[in-house]
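Asker: Here's a structure for you.
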């Protein structure tokens with residue numbers, strides 16, 4: 001069962017990883033020529049024109065985009081969080097509902113196994129793919145960066161791991177919600193809505209102190225990238241909350257999946 005889930009989702013994993021790596025490959029190829037020109041100096045001057053709250057929402061007040069590593073800490077992280085989050089959301093949705101859409105659920109029920117084992121196989125496959133994507137992208141970016149410039153290895157290491165704090169929660173939450181839904185298309189829409197809606201809430205929370213409370217409703221707050229960049233460390237509280245939420249939603253998924261009427 002586990003091997004089946006790995007095989008079914010392999011193409012999706014390769015496609016999403018390829019798309020993200022392609023984006024960063026272009027950056028690594030272009031940035032060296034940009035840095036040698038006056039464009040980056042002009043860009044840094046232009047950044048001073050924007051409001052401080054706007055720069056803060058993209059970490060541009062603490063990181064300069066005059067280097068590829070600086071870009072990674074600002075706009076680059078946005079791509080990583082959104083792509084890994086979207087992949088985790090769709091993966092979590094498909095793992096639960098694919099058999100119902102493909103009408104192969106009767107075959108699974110006929111196997112000499114329990115629903116719990118089926119669900120654990122799906123969860124394990126999903127976790128492996130999410131972790132593999134984050135690690136592969138981190139390794140790819142590290143090779144691309146060290147070949148052209150000096151970087152802070154500690155900051156890079158924590159930034160590379162930070163997408164796990166968000167994508168694992170998104171994955172487990174999507175799986176849990178999927179146990180209440182019967183259509184994959186509906187669930188994918190809900191899951192992607194959670195990803196992009198959560199990111200928008202995170203951005204809005206940095207714009208004004210009056211709506212700063214919105215960060216408590218955003219999964220992307222768990223990444224706490226500003227703390228990583230400033231203090232070169234992961235926030236233990238965010239790590240604990242992320243792992244707790246992931247475990248909680250996965251346990252709830254197992255409970256609900258066992259009770260779900262599979263048709």
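The values are calculated or read from the model by the stated rules, or taken from the named source; none is laboratory data. Because the structure is a prediction, the values reported are computed rather than measured. FYI the Cβ positions are ideal-geometry reconstructions off the backbone, even for glycines, and counts take in every protein chain you see.
Asker: If I ask for residues that are more than 23 Å from residue 75 (Cα to Cα) and outside any helix (DSSP H, G or I), which ones from region 232-263 would you list?
Answerer: Once the filter is applied, which keeps residues that are more than 23 Å from residue 75 (Cα to Cα) and outside any helix (DSSP H, G or I), region 232-263 yields 260, 261, 262, 263.
Asker: For the structure I just gave you, tell me whether residue 207 is surrounded by fewer than 21 Cβ atoms within 10 Å (Cβ to Cβ) and modelled with pLDDT of 95 or more.
Answerer: Working: surrounded by fewer than 21 Cβ atoms within 10 Å (Cβ to Cβ): yes; modelled with pLDDT of 95 or more: no.
For residue 207, the condition - surrounded by fewer than 21 Cβ atoms within 10 Å (Cβ to Cβ) and modelled with pLDDT of 95 or more - is not met.
Asker: Scanning region 95-122 for residues that are assigned to a loop (DSSP other than H, G, I, E, B) and at pLDDT 70 or above, which turns out nearest to residue 166 (Cα to Cα)?
Answerer: For region 95-122, the residue satisfying everything is 114.
Asker: Please determine whether any residue of region 157-170 is closer than 18 Å to residue 84 by Cα, more than 16 Å from the chain's Cα centre (by Cα) and crowded, with 20+ Cβ neighbours inside 10 Å.
Answerer: No.
Asker: Another question, then. Can we say residue 62 is surrounded by fewer than 18 Cβ atoms within 10 Å (Cβ to Cβ), modelled with pLDDT of 75 or more and either in contact with a strand residue (DSSP E or B) (Cβ under 9 Å, 6 or more places away or on another chain) or not in a helix (DSSP H, G or I) (or both)?
Answerer: Yes, satisfied.
Asker: Does region 216-233 include one or more residues that are out of contact with any helix residue (DSSP H, G or I) (no Cβ under 9 Å at 6 or more places or on another chain) and either surrounded by fewer than 16 Cβ atoms within 10 Å (Cβ to Cβ) or over 30 Å from residue 115 (Cβ atoms) (or both)? Lay out the reasoning, then the answer.
Answerer: Of region 216-233, the ones out of contact with any helix residue (DSSP H, G or I) (no Cβ under 9 Å at 6 or more places or on another chain) are 230-231.
From the residues that got through so far, the ones that are either surrounded by fewer than 16 Cβ atoms within 10 Å (Cβ to Cβ) or over 30 Å from residue 115 (Cβ atoms) (or both) too are 230-231.
Checking region 216-233: at least one residue is out of contact with any helix residue (DSSP H, G or I) (no Cβ under 9 Å at 6 or more places or on another chain) and either surrounded by fewer than 16 Cβ atoms within 10 Å (Cβ to Cβ) or over 30 Å from residue 115 (Cβ atoms) (or both).
Asker: Please pick out the residue among 211, 151, 181, 229 that is assigned to a helix (DSSP H, G or I) and either in contact (Cβ under 8 Å) with a residue 12 or more places away in the chain or in contact with a strand residue (DSSP E or B) (Cβ under 6 Å, 6 or more places away or on another chain) (or both). Even if it seems obvious, please write down each step before you answer.
Answerer: On the way: 211 fails: either in contact (Cβ under 8 Å) with a residue 12 or more places away in the chain or in contact with a strand residue (DSSP E or B) (Cβ under 6 Å, 6 or more places away or on another chain) (or both); 151 fails: assigned to a helix (DSSP H, G or I); 181 fails: assigned to a helix (DSSP H, G or I).
Answer to the check: 229.
Asker: Could you identify the single residue in 186, 166 that is part of a helix (DSSP H, G or I) and modelled with pLDDT of 95 or more?
Answerer: Details: 186 fails: modelled with pLDDT of 95 or more.
Residue meeting the stated conditions: 166.
Asker: Could you pull out the residue among 83, 26 that is surrounded by 13 or more Cβ atoms within 10 Å (Cβ to Cβ), at pLDDT 80 or above and assigned to a helix (DSSP H, G or I)?
Answerer: On inspection, the qualifying residue turns out to be 83.
Asker: Then there is this: Of (1) closer than 22 Å to residue 83 by Cβ; (2) touching a helix residue (DSSP H, G or I) at 6+ places or on another chain (Cβ under 8 Å), residue 200 satisfies all except one. Which?
Answerer: (2) is the only condition that residue 200 fails.
Asker: Do we have residue 139 as assigned to a helix (DSSP H, G or I), in contact (Cβ under 8 Å) with a residue 40 or more places away in the chain and surrounded by fewer than 19 Cβ atoms within 10 Å (Cβ to Cβ) here?
Answerer: no
Asker: Can I ask one more? Out of 132, 125, 89, report the one residue that is under 16 Å from residue 12 (Cβ atoms), at pLDDT 90 or above and exposed (fewer than 14 other Cβ atoms within 10 Å of the Cβ).
Answerer: 132
Asker: Restricting to region 178-201, name every residue that is more than 15 Å from the chain's Cα centre (by Cα) and surrounded by fewer than 21 Cβ atoms within 10 Å (Cβ to Cβ).
Answerer: 179, 180, 181, 182, 183, 184, 185, 186, 188, 189, 190, 201
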